[in-house]
1. Across 10 Å bins from the origin, how do the percents of Cα pairs in the range A:71-206 run, short distances first?
2. Subtract the Cα-Cα distance of residue A:556 and residue A:590 from 0.36 nm times their separation in residues, and report this length gain in nm to one decimal.
3. Looking at the protein assembly as shown only, what percent of DSSP beta bridges run antiparallel? Nearest 5 please.
4. How do the peptides A:482-489, A:142-149 rank, highest first, by the average count of neighbouring beta carbon atoms within 10 Å per residue?
5. Per DSSP helix of 4 or more residues, -39500 (n - 2.57); summed, then divided by the residues of chain A. What does that give at 222 nm, rounded to the nearest 500?
6. Pull out the extension gain between residue A:653 and residue A:168, defined as 0.36 nm times the separation in residues minus the alpha carbon to alpha carbon distance; nm, one decimal.
7. Report the equivalent ellipsoid semi-axes for the range A:375-449 in whole Å, largest first, defined as the square roots of five times the eigenvalues of the gyration tensor built from alpha carbon atoms.
8. What does the extension gain come out to for residue A:516 and residue A:239, with contour length at 0.36 nm per residue minus their alpha carbon separation?
Ligand SMILES: Nc1nc2c(ncn2[C@@H]2O[C@H](COP(=O)(O)OP(=O)(O)OP(=O)(O)O)[C@@H](O)[C@H]2O)c(=O)[nH]1
Ligand SMILES: [Mg+2]
């Protein structure tokens, strides 16, 4: 069974041997992990897929641990810190190396060898290396590194048997010349050899753990190691041919704004057509109306009516409008599940193709305005799948400041797949103007809140510095497997919460509490937002999960503008229970609470503004204009503030400069 | 010149990376001081992409401004 923990304390029996899969991002660790354990963890074509640590049994007394990919062991960001501790704690390291760029990948290999751990190298992606015309002298590589090197093609299970046969032949390799002496000089009793190395390399956390000051030899050791690696690569890699093929041409089309933006819009349009139009309307009509309402509902109410008196309190709780066996089941299976499956299918294709890092490059310029860099598109796009997952993915960001901004914007503005499906379906019914209006409003909130946060938070964000993996044709089996695992995960996570939500609502309905609340918050729902008072029910459902809330809106009789107001409010509404729990875990209770409350305030504020602005409309002024104008002005306003803040900072800096 | 001024297709030698943390990361990528790279893409106002053998690395414009290079 896979267990996921996000701290490094894994629940592994202390006597069992730990085999750790380590390697650069996107080198194929997870594919190999799946092949060795028979489990499934996510595989995608972008650096940073694995962030939670998965482990599985290899034999009775050995476990295999999959780690986040890193370019070296140190503590440049949260994911590196996690990988570092797991690698240092390993009994055997299987180092997965991407044969396509040995120069980059062998740096980590050499660093792991320098820690003195027993290593076997899996030289992966041999198929792609061959296609590129690369010849690698495996024997020589093995003897220069001093460890076994097994060529593999992980996705085709090539070389897997040989790797398995050699795991226990792992040996410590030949360290970088000159390092041995330095480690001996340190002579730390408390620290292991690996820890001593990292202390020398100036890792502040490992140093603190051993109560010694961090060393200052990082650059020196790194350069020595780099020299050593370059020398190995020079001897081992025979021939590289530089050719520009179709994939490269496509890649640059995706990156250049002139062609990249249209390609991105095309991709979004395809998603909208597939999810918002085809699935949300055609498919859901079959699953929700024909199957669930046509067959399931009469069946289950018929069954229950044998034991329970129709219209009694128990009946309402179990089979009524919000009954435990009716509403959550119908919403979950009939409405949301098809949307979620469709969404994950498309997302998996994007993930596998290597398109996401290219969007990261394309979007970098825009994201720097809100204190993020291009890398943040990965959590943001994954947020459209599930905000809870995306919250974890923000670990790939380079600073705490960026994580804070990204997590807040994710919770506030990004609708998750199921919710997005419902929203797209409802918007498509209103016509294209409303779709555009909705996009403008949500984008405006994203941009202005992000800009203001960036101006307000202290410190500086990091710059984009990523490698761009080659484009690949998505592998059908992986796409299907990933879609299935993620959809199942959605079902498992959502079902109990839906049941809980339904129970809360039907019990409050039976006890009259629901009407009480509806009347209580009437000033907000009816007075401020201009919605019917029953909208309160959807909002309560939205506290449990936003997709649940969005689904709750579908049964309300709303006119066009009310629908827009309701959808905007539910999009910006508080993050669901699961993601708030994740927030508490990843950040702090205080930060989580602040984010929750601000989402609530912003959601009502914006919803109300849209509602009030629509009142300005008359026969000469179509309602789109005042709303669009207001939200575009909001972006400009936030830019102006941030601009003046920057100028002020520069001015202060200059003053200080003069003072000195 | 600095890397942000590079043009597509230019062959560059990295001369200086001032920030220690960035320098360490660059050494890992194999693009440390003294290495030769090709500028493979320049996004107007956006990132610069450099290529070294089979790998492409994207650097944000602000970062590129800090890196000194010389073109051959
Ligand atoms: N052609 C080819 N592709 C491979 C091979 N091994 C893995 N891949 C692909 O490489 C990509 C990355 O694989 P993952 O297993 O997710 O890589 P990872 O090392 O776990 O990556 P992170 O979790 O991001 O560090 C996927 O698109 C795989 O399908 C191989 O031997 N040949
Ligand atoms: Mg992985």
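1. Pairs per bin, as whole percents: 12, 40, 34, 13, 2.
2. Separation in residues times 0.36 nm, less the Cα-Cα distance, equals 8.7 nm.
3. Values: 30 of 50 bridges.
Expressed as a percentage, antiparallel bridges in the protein assembly as shown total about 60.
4. Going from most to least packed, we get A:142-149, A:482-489.
5. Rounded to the nearest 500, it is -18500 deg cm²/dmol.
6. Length gained, residue A:653 through residue A:168: 168.8 nm.
7. On the way: eigenvalues 130, 37, 12 Å².
Computed over the range A:375-449, the values are 25, 14, 8 Å.
8. Extra length from residue A:516 to residue A:239 when fully extended: 92.0 nm.
Values in this text are rule-based calculations from the coordinates and carry no lab data. Since the model is a prediction, treat every value here as computed from it, not as a measurement. Positions of Cβ are generated from backbone atoms using ideal geometry, with glycine treated the same way; all protein chains shown enter the neighbour counts.
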